[in-house]
Structure formats: C-alpha cells, structure tokens
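Engineer: Dropping the structure in here first, questions after.
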Amino acid sequence: MTQRDIIVTGEKVKIREKVLMDARNDYQWCRDAELSRLDAAFPLNMSLAQYIDEYTLELRFPSLSRRRYAVETLDGIHIGNCSYYNIDMKRSEAEIGIMIGNSNYWNKGYGTDTIKALVGYVFRHTSFKRLYLKTLEWNIRAQQCFMKSGFTAYNHLARDGYKFLMMELSREEWMKQNPPQEHHEQNTPTT
C-alpha cells in the first residue's frame with residue numbers, strides 16, 4: 001500500500017481507498033447478524049465467490065454517487081468501513097455512514113475518530129455545505145459517537161419498520177468547531 005492510498009489519518013485510524021483484499025472482512029461483516037441489526041439490514045445471503053465478483057466490479061467501476069473507504073488502525077489492521085453517499089451536488093450535501101466491523105475495537109474511540117477524520121476530509125476536499133446521517137433511535141452508542149463529532153439531531157424518520165434519528169452537521173458549524181490548523185490528508189482529488 002502506498003501513502004497515496006491513505007486519504008486521511010486521525011488520532012487512532014487511517015482512512016484509505018478500498019482494495020480487493022478488504023472483500024473477505026467486508027463479506028464476514030455483511031453476514032454478521034449483530035452488525036446487520038445495527039445497520040437496520042438483513043445479513044447478506046450470497047456466496048463469497050459471488051460477493052467477490054460484485055466487489056471487484058465495484059472497485060473497477062465506482063459509483064459517482066458514493067465514495068467508500070476502509071478504516072484501519074494506525075498499525076494497519078482493517079477494522080471497518082466508512083463512506084459518503086447520496087451525493088447531491090445541487091443541494092451541496094451528502095449522507096455519511098460508518099461501520100466498525102471488528103468488535104474488538106468497539107467502545108474505544110475508533111468510531112468517533114473515524115467520523116471526525118471522514119467529516120474533516122469531506123469538508124476540506126469537497127464543496128458540500130452539509131453532511132447528514134441516520135441512526136437507529138435505540139442506538140445510543142452511535143448517537144453519542146456522532147454528537148462527539150459535532151452532529152446534532154434534526155428529525156425522526158420511520159422506514160421499513162425501523163425508527164431512525166436524523167442528524168446533521170453544516171460546514172459552517174464544523175468550521176467553528178475546527179479552526180484552521182495543520183492537516184494530515186494526502187493530496188488526492190475527489191468530488
């Protein structure tokens with residue numbers, strides 16, 4: 001892996017471009033019942049071979065409406081993923097998501113560090129004025145992570161039998177919370 005693959009480094013994590021070697025962990029995490037429950041989804045029901053075929057295709061032809069990244073510890077252990085998606089250039093906004101798949105890294109600040117690093121990267125390298133997310137109403141741990149990262153609740157959403165809390169962070173508010181300083185990002189072009 002080259003330094004160019006790393007898009008941003010936080011205090012505990014590095015966020016980097018996805019690679020094919022991530023597929024086995026991602027497959028395992030997508031099939032995990034507890035992780036699926038936290039994501040308001042059902043565990044994945046496809047073979048590893050089929051998953052790797054689709055994964056390879058997505059790496060080769062990435063979506064224009066989504067950017068997916070791997071999250072790893074500072075010593076290079078792949079522990080999860082993060083993304084920004086539902087990119088809306090007219091509204092100058094995107095939705096963000098995170099999943100720390102390796103439960104050995106839960107409740108230790110890795111999620112908060114990932115969100116802070118991702119949000120900082122997005123606001124420094126795009127023209128978005130707003131980032132938003134949804135989290136299950138009962139997932140207090142996730143809500144605390146997002147609040148520590150500057151997000152505030154703004155609405156509730158019921159969809160597919162689930163109740164979500166909607167949270168947002170504006171570029172203006174983020175800039176108030178994060179005055180200019182030295183940054184750890186690598187020079188990589190994005191949206």
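The values are calculated or read from the model by the stated rules, or taken from the named source; none is laboratory data. Computed from a predicted structure; not experimentally measured. Positions of Cβ are generated from backbone atoms using ideal geometry, with glycine treated the same way; all protein chains shown enter the neighbour counts.
Engineer: Tally the residues that are under 15 Å from residue 15 (Cα atoms) and not β-branched (Val, Ile, Thr), restricting the search to the range 50-78.
Structural biologist: Final tally of qualifying residues: 9.
Engineer: Can I ask one more? From the list 55, 69, 51, 27, which residue is touching a strand residue (DSSP E or B) at 6+ places or on another chain (Cβ under 8 Å), surrounded by 12 or more Cβ atoms within 10 Å (Cβ to Cβ) and aromatic (Phe, Trp, Tyr)?
Structural biologist: Step by step, each of 55, 69, 51, 27 is checked, and only 69 is touching a strand residue (DSSP E or B) at 6+ places or on another chain (Cβ under 8 Å), surrounded by 12 or more Cβ atoms within 10 Å (Cβ to Cβ) and aromatic (Phe, Trp, Tyr).
Engineer: Please work out which residue is surrounded by the fewest Cβ atoms within 10 Å (Cβ to Cβ), limiting yourself to the range 99-115 and to residues that are out of contact with any Phe, Trp or Tyr (no Cβ under 9 Å at 6 or more places or on another chain) and either assigned to a strand (DSSP E or B) or on the phi > 0 side of the Ramachandran plot (or both).
Structural biologist: Per the criteria, the residue is 107.
Engineer: When only residues in the range 130-145 that are of a type in the set (D, E, K, R) and over 18 Å from residue 158 (Cβ atoms) count, which is surrounded by the fewest Cβ atoms within 10 Å (Cβ to Cβ)?
Structural biologist: Step by step, filter the range 130-145, then rank; the result is 141.
Engineer: Scan the range 116-129 for residues that are in a helix (DSSP H, G or I) and of a type in the set (Val, Ile, Thr) and report the count.
Structural biologist: Qualifying residue count for the region: 2.
Engineer: Out of the residues in the range 146-167 meeting the condition of being surrounded by fewer than 17 Cβ atoms within 10 Å (Cβ to Cβ) and in contact with a Lys or Arg (Cβ under 7 Å, 6 or more places away or on another chain), tell me which one is modelled with the lowest pLDDT.
Structural biologist: 157
Engineer: A follow-up question, please. Test residue 175 against the criterion of being over 27 Å from residue 25 (Cβ atoms), at pLDDT below 95 and surrounded by 12 or more Cβ atoms within 10 Å (Cβ to Cβ), and give yes or no.
Structural biologist: In short, no.
Engineer: Can residue 118 be described as modelled with pLDDT of 95 or more and buried (at least 16 other Cβ atoms within 10 Å of the Cβ)?
Structural biologist: yes
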